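Chemist: One structure, as structure tokens, below. Some questions next.
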Amino acid sequence: MSLPETLAAHRLEILGGFHPQADDTLPAGTRTLLLLGPAEPGFWPHLTAQPEWSDGKPDPVDRWSRRIIGTIACDLGAKALFPFGGPPYHPFYRWALQSGRCYDSPVRLLVHASQGLLVSFRGALALRDRIDIPAPQPKPCDTCETKPCLTACPPAALTASGYDVPACHAFLDTTQGAPCLTAGCQTRRACPLSQAYARVAEQSAYHMRRFHGVS
């Protein structure tokens, strides 16, 4: 079974990758880094049917990611890397930019060529072999005429100036912030690419509630 087929069985896909340069801080011998994230449609129903989701222990999504991506890495003789578990944290933001398929959006969040502002990473594979990687794609924001992300945040916590995290949390504590907690960040959802991406609201709501510290 090919790597894409193996990933697809777990509702994961390769979102980008790159061939490291000498100054990249990666495990020794890494010749290819692949960034992995949810494959839609179907990721959230698949994940919530896994044992980690119902065993009552904390961090089910991260534990599932470690189990699945860690097993795939072992089978390949590779190293699994994750965006959680720090500090210190691996520089997934920088790695995403290096892939040529993610860019710094007008609101400073990562925007992916096909997933828009809903892009997320469950892990990465550091491979000892040099393999083909997904081709770079143009920055989607360059052809987005309206740039709705710039005005979508009700409390203006996400703007071209960056992310005002305290303002975001304060808004989520109000009744007006309920739509963000039940369907996900309004700025992320405003991106035209996000709207075309088949990510279910339940997944976005879960991560938003985790961010805000509510169950």
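The values are calculated or read from the model by the stated rules, or taken from the named source; none is laboratory data. Predicted model only: the values in this text are computed from it and were never measured. Note: ideal-geometry Cβ built from the backbone for every residue, glycine included; neighbour counts use all protein chains shown.
Chemist: Going through the stretch 105-125 one residue at a time, which ones are small (Gly, Ala, Ser) and either in a strand (DSSP E or B) or in contact with a Cys (Cβ under 9 Å, 6 or more places away or on another chain) (or both)?
Modeler: Passing the criteria: Ser105, Ala113, Gly116, Gly123, Ala124.
Chemist: When you go through (1) within 24 Å of Ala96 (Cα to Cα); (2) more than 16 Å from the chain's Cα centre (by Cα); (3) modelled with pLDDT of 95 or more; (4) not small (Gly, Ala, Ser) one by one for Pro166, which number turns out not to apply?
Modeler: Only one criterion is unmet by Pro166, namely (1).
Chemist: Which residue pairs have Cβ atoms under 7 Å apart, sit 6 or more places apart or on different chains, and have a first residue in the stretch 159-182 that is touching a residue at least 12 places away in the same chain (Cβ under 8 Å) and a second that is among the polar types (S, T, N, Q)?
Modeler: Note: pairs meeting the criteria are Cys180/Gln186.
Chemist: Determine which member of the set Ala135, Ala156, Ala170 is part of a loop (DSSP other than H, G, I, E, B) and either in contact with a helix residue (DSSP H, G or I) (Cβ under 9 Å, 6 or more places away or on another chain) or among the basic types (Lys, Arg) (or both).
Modeler: Only one candidate qualifies: Ala156.
Rundown of residues vs (1) of a type in the set (Ser, Thr, Tyr); (2) within 20 Å of His207 (Cβ to Cβ); (3) within 13 Å of the chain's Cα centre (by Cα); (4) modelled with pLDDT of 95 or more, yes/no style:
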| residue | (1), (2), (3), (4) |
| --- | --- |
| Pro83 | no, yes, yes, yes |
| Ala96 | no, yes, yes, yes |
| Tyr103 | yes, no, yes, yes |
| Asp129 | no, no, no, yes |
| Pro134 | no, no, no, no |
